[in-house]
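Visitor: My structure is below; once you've seen it, I'll send some questions.
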Amino acid sequence: MEKLTRLQVLQNHIDGEFTASPSPFMLWMKPIVVAAEQGTVTFKYTVREEMSNPVKSLHGGVTAAIADDCIGATMFSLDEETFYTTINLVVDYFAPAFVGDTIIAKTAIIRKGKQIVNAQCEIWNKDQTRLIARATSNLLKTNIVKKEL
């Protein structure tokens, strides 16, 4: 049987929850794969009570975690041999999302060098008319070899 690429694993989850993530935290966030291509992913989330702050809006830390994990999944889509680690993450917050809302996270690789990758993630409301947050991140190539799925 032919081994699936990591991108194919992502694509096999389109319209379903991404249960193959190696990140336990990502599994807790329960992302639905909307689209996956080499260098870009789109995930959908439902804002749950445990993801909120005291006023029932999406917690800023969870927003940052969504961006970080989506960017990680984007690196996953490149089918690299080694693991990349986040060396910084900058998040700009523009609008709230509330418990029960559906949000969409889309990523893009801005620049991929030999050792460092710059990527971004935009988080939108369900109909993509309101930008909730935009994150940019730099990731560093490590010597850690990724395990097979």
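Visitor: Given bins 5 angstrom wide, list per bin the percent of all Cα-Cα distances in the range 109-149, short to long.
Guide: Using 5 Å bins, I get a P(r) of 6, 18, 18, 15, 17, 12, 9, 5, 0 for the range 109-149.
Visitor: Same structure, new question: For a quick check: sort Val117, Val91, Val145, Val99 by the number of other beta carbons within 10 angstrom, fewest at the front. Can you show the working numbers first?
Guide: Numbers: Val117 23, Val91 19, Val145 10, Val99 16.
Sorted ascending by nearby Cβ count, the order is Val145, Val99, Val91, Val117.
Visitor: What do you get for trypsin sites (Lys or Arg not before Pro) in the range 74-118 restricted to DSSP loop and a cutoff of at most 14 other Cβ within 10 Å of the site's Cβ?
Guide: Details: sites: Lys106, Arg111, Lys112, Lys114; in loops: Lys114.
Counting only loop positions with at most 14 other Cβ atoms within 10 Å, the trypsin sites (Lys or Arg not before Pro) in the range 74-118 are Lys114.
Visitor: Hey, another quick one. Note the full-extension length gain between Thr142 and Glu37 as 0.36 nm times their separation in residues minus their Cα-Cα distance, in nm to one decimal.
Guide: Length gained between Thr142 and Glu37: 35.5 nm.
Visitor: Rank the residues Asp15, Asp68, Asp79 as a footprinting-exposure proxy: fewest other Cβ atoms within 10 Å of their Cβ go first.
Guide: So the ranking, lowest neighbour count to highest, is Asp15, Asp79, Asp68.
Visitor: Next question, about the same structure. Just for the Cα atoms in the chain, what are the lengths along the principal axes, largest first, rounded to whole Å?
Guide: Result, largest extent first: 46, 33, 25 Å.
Visitor: What is the gain in length, in nm to one decimal, between Phe94 and Ala108 on full extension, counting 0.36 nm per residue of separation less the C-alpha to C-alpha distance?
Guide: Contour length minus the Cα-Cα distance gives 3.1 nm.
Visitor: Just need the relative contact order of the chain here, percent rounded to a whole number, with Cα pairs under 8 Å and 6+ apart.
Guide: Worked out over the chain, it gives 23 percent.
Visitor: Considering only DSSP states other than H, G, I, E and B, which GluC sites (Glu not before Pro) in the range 71-149 qualify as loop sites with at most 13 other Cβ atoms within 10 Å? Write out the running numbers ahead of the final one.
Guide: Numbers: sites: Glu80, Glu81, Glu122, Glu148; in loops: Glu80, Glu81, Glu148.
Filter output for the range 71-149: Glu81, Glu148.
Visitor: Count the net charge of all other residues whose Cβ sits under 12 Å from the Cβ of Asp92, scoring Lys and Arg as +1 and Asp and Glu as -1.
Guide: Combined, the nearby Lys, Arg, Asp and Glu give 0.
Visitor: What is the distance in Å between the Cα centres of the range 126-147 and the range 58-119?
Guide: 2
Visitor: log10 I(q)/I(0), Debye, Cα-only the range 58-144, no solvent, q = 0.16 Å⁻¹?
Guide: -0.60
Bear in mind these aren't lab numbers, they're just calculated from the coordinates by the rules spelled out. Keep in mind that what you see is a predicted model, and the values were worked out from it rather than measured. Counting neighbours? That spans all protein chains shown, and the Cβs are built from the backbone with ideal geometry, glycine included.
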